[in-house]
């Protein structure tokens, strides 16, 4: 499905991602975990084409994404909910979803809008409200719903639980697990290691721009290194957001 | 009562023209984060297009329509030739470039056409006055108010409901995320410039219909007023441009009515003084702008 090989990304002289390789198979929920500054968001931005890559390959369903402009990647089935949600604040909820479905034909759009609103009833209630007036949790649902409008082959979620109240965090992870169950392929980047490993099929651990561990999520959850680094103390698990 | 109606018409008249121009500035600002100083020259381009087409015996209204489209296309060309190669540079670079475009166009108008005013024959129904009760109101002013409001309503419908309008607002709100969802950057930017040029064309039609001539620096005064209107309105939102335009129009019209004849020359100074005071208290304009509009 999505294969990333030897990806390198630099900001000026600073190498942020140093030759990482990973893949997401069809129907899988794969998570990349790691501390702040490990290069997770940079990796996702590179997959979306938002930052230039120094070297490496990104292949989606057998098609290389090299040279494909950002705005053509949605049409190839790659969908993204960015860090910090970044809903279009001055647009109403429904217009956010319209923008999310701007590459669809009118009939596809109506169908997708119906199914997305069914999935997120709270957005149906607030459809005419400006997105900027929604709560953090609602904005996160809108950001995910916007990304789901194109019925993506691969959905990429960047820190969907960041800055949300614990109850809402649980809700967001429930939604992600539901999406996984309904067959959506998901690449999830999270700092909430415990919850991510609980719902993921496989996981990669990133540190300082490199992948240092990988494997099935339940194995990594029991791995001594992961345990010491990310799950060891209660404060670490909830406090690093 | 008579004076009040005349005052009201003056407010709507000035306000509507400033609002149309300020909207054009804000639409482009929303995409690229700079104020296009060559915006006023799009008015001048409209004026010359109208002048030449009428010279070639094009029927007036057809000439107006074609000249509005021409102004829109000139704006698109401006983006394609001058601003696109600088995409991603600081907004300051784009601003300075727009000064250069404006300067170059002035010279082209002066050398290529004429430094002097060219008369534009205004159709009869736009000249003269009509009476409402016992009040005389100029037909050109009524025409201005009607056309400006029709344009504003059309623009509002376009931005609120059409797919392109939503794309335009989405990319003004967050350019990168708009690209992520599949909105074509080059297309929305071209659309924004076309709209700004067409709005400048409509504003120029109204401006010229009350003055009957076109000259190289035609766009300068109204453009500066539009800059002021856009800044007091707040650059984040088209609504701000609307409020700013009408607020500026109301201020000017009020001073025109209140100031004794020998002080009317100080009108612009008084308006600017009031605006400075306004900005001291509300530096981000009526509708506060996005704290990070630059890209």
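The values are calculated or read from the model by the stated rules, or taken from the named source; none is laboratory data. As the structure is a computational prediction, the values presented were derived from the model and not from experiment. Here the Cβ positions follow ideal geometry from the backbone for every residue, glycine too, while neighbour counts run over all protein chains shown.
Return a yes/no flag: does region B:180-194 have any residue that is closer than 22 Å to residue B:145 by Cβ and either modelled with pLDDT of 90 or more or within 14 Å of the chain's Cα centre (by Cα) (or both). Before the answer, list the steps.
Looking only at region B:180-194, we keep the residues that are closer than 22 Å to residue B:145 by Cβ, and these are none.
No, region B:180-194 contains no residue that is closer than 22 Å to residue B:145 by Cβ and either modelled with pLDDT of 90 or more or within 14 Å of the chain's Cα centre (by Cα) (or both).
Filter region A:56-77 down to the residues that are facing chain B (nearest Cβ under 9 Å) and either part of a strand (DSSP E or B) or touching a strand residue (DSSP E or B) at 6+ places or on another chain (Cβ under 9 Å) (or both) and list them by number. Working first, answer last.
In the first step, residues of region A:56-77 are kept if they are facing chain B (nearest Cβ under 9 Å); the result is A:69-75.
Once the filter is applied, which keeps residues that are facing chain B (nearest Cβ under 9 Å) and either part of a strand (DSSP E or B) or touching a strand residue (DSSP E or B) at 6+ places or on another chain (Cβ under 9 Å) (or both), region A:56-77 yields A:73, A:74.
Taking region B:202-226 on its own, how many of its residues are surrounded by 24 or more Cβ atoms within 10 Å (Cβ to Cβ) and touching a strand residue (DSSP E or B) at 6+ places or on another chain (Cβ under 6 Å)?
1
Run down A:150, A:172, A:212 and say which single residue is touching a helix residue (DSSP H, G or I) at 6+ places or on another chain (Cβ under 9 Å), modelled with pLDDT under 95 and part of a helix (DSSP H, G or I). Steps first, please.
On the way: A:150 fails: part of a helix (DSSP H, G or I); A:212 fails: part of a helix (DSSP H, G or I).
Result of the check over A:150, A:172, A:212: A:172.
Restricting to region B:239-256, what's the tally of residues that are within 14 Å of another protein chain (Cβ to nearest Cβ) and surrounded by fewer than 24 Cβ atoms within 10 Å (Cβ to Cβ)?
Within region B:239-256, residues that are within 14 Å of another protein chain (Cβ to nearest Cβ) and surrounded by fewer than 24 Cβ atoms within 10 Å (Cβ to Cβ) number 1.
Against the conditions (1) more than 30 Å from residue A:126 (Cα to Cα); (2) modelled with pLDDT under 95; (3) touching a helix residue (DSSP H, G or I) at 6+ places or on another chain (Cβ under 9 Å), where does residue A:30 fall short? Just the number, please.
The number of the failed condition is (2).
Quick check on residue A:53: is it in contact with a strand residue (DSSP E or B) (Cβ under 6 Å, 6 or more places away or on another chain), within 13 Å of chain B (Cβ to nearest Cβ) and not in a strand (DSSP E or B)? Full working, then the answer.
Working: in contact with a strand residue (DSSP E or B) (Cβ under 6 Å, 6 or more places away or on another chain): yes; within 13 Å of chain B (Cβ to nearest Cβ): no; not in a strand (DSSP E or B): yes.
So residue A:53 does not fit the description; no.
Out of (1) out of contact with any strand residue (DSSP E or B) (no Cβ under 7 Å at 6 or more places or on another chain); (2) without any contact (Cβ under 8 Å) to a residue 60 or more places away in the chain; (3) more than 9 Å from every other protein chain (Cβ to nearest Cβ), what's the single condition that is false for residue A:86?
Checking residue A:86 against (1) out of contact with any strand residue (DSSP E or B) (no Cβ under 7 Å at 6 or more places or on another chain); (2) without any contact (Cβ under 8 Å) to a residue 60 or more places away in the chain; (3) more than 9 Å from every other protein chain (Cβ to nearest Cβ), the one that fails is (3).
Can you tell me which residue among B:191, B:168, B:199, B:159 is surrounded by 23 or more Cβ atoms within 10 Å (Cβ to Cβ), within 23 Å of residue B:226 (Cα to Cα) and within 14 Å of chain A (Cβ to nearest Cβ)? Step through it out loud before you land on a result.
Details: B:191 fails: surrounded by 23 or more Cβ atoms within 10 Å (Cβ to Cβ); B:199 fails: within 14 Å of chain A (Cβ to nearest Cβ); B:159 fails: surrounded by 23 or more Cβ atoms within 10 Å (Cβ to Cβ).
Going through B:191, B:168, B:199, B:159 in turn, the sole match is B:168.
Provide a single number: the residues in region A:41-70 that are farther than 19 Å from residue B:184 by Cβ and either in contact (Cβ under 8 Å) with a residue 60 or more places away in the chain or under 18 Å from the mean Cα position of the chain (by Cα) (or both).
The number of residues fulfilling the criteria is 12.
Let's see how each residue does on (1) away from every other protein chain (no Cβ under 14 Å); (2) touching a residue at least 24 places away in the same chain (Cβ under 8 Å); (3) within 22 Å of residue B:195 (Cα to Cα):
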| position | (1), (2), (3) |
| --- | --- |
| B:69 | yes, yes, yes |
| B:93 | yes, no, no |
| B:135 | yes, yes, no |
| B:152 | yes, yes, yes |
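Specify which of the listed residues (B:274, B:259) is surrounded by fewer than 22 Cβ atoms within 10 Å (Cβ to Cβ), without any contact (Cβ under 8 Å) to a residue 60 or more places away in the chain, within 20 Å of residue B:22 (Cα to Cα) and over 13 Å from the mean Cα position of the chain (by Cα).
On the way: B:259 fails: within 20 Å of residue B:22 (Cα to Cα).
That would be B:274, the only listed residue that is surrounded by fewer than 22 Cβ atoms within 10 Å (Cβ to Cβ), without any contact (Cβ under 8 Å) to a residue 60 or more places away in the chain, within 20 Å of residue B:22 (Cα to Cα) and over 13 Å from the mean Cα position of the chain (by Cα).
Where residues in region A:89-117 are over 26 Å from residue B:239 (Cα atoms), touching a helix residue (DSSP H, G or I) at 6+ places or on another chain (Cβ under 7 Å) and part of a helix (DSSP H, G or I), which of them is farthest from the other protein chains (Cβ to nearest Cβ)? Don't jump to the end; show me each part of the working.
Start the filter on region A:89-117 by keeping residues that are over 26 Å from residue B:239 (Cα atoms), which leaves A:103-117.
Within this subset, residues satisfying the condition of being touching a helix residue (DSSP H, G or I) at 6+ places or on another chain (Cβ under 7 Å) are A:103-104, A:113, A:116-117.
If we keep only those that are part of a helix (DSSP H, G or I) too, we end up with A:113, A:116-117.
Values: A:113: 13, A:116: 13, A:117: 17 Å.
So the residue we want is A:117.
Hey, among the residues in region A:143-161 that are within 12 Å of another protein chain (Cβ to nearest Cβ) and under 13 Å from residue A:96 (Cβ atoms), which one's surrounded by the most Cβ atoms within 10 Å (Cβ to Cβ)?
If we take residues in region A:143-161 being within 12 Å of another protein chain (Cβ to nearest Cβ) and under 13 Å from residue A:96 (Cβ atoms), then A:146 is surrounded by the most Cβ atoms within 10 Å (Cβ to Cβ).
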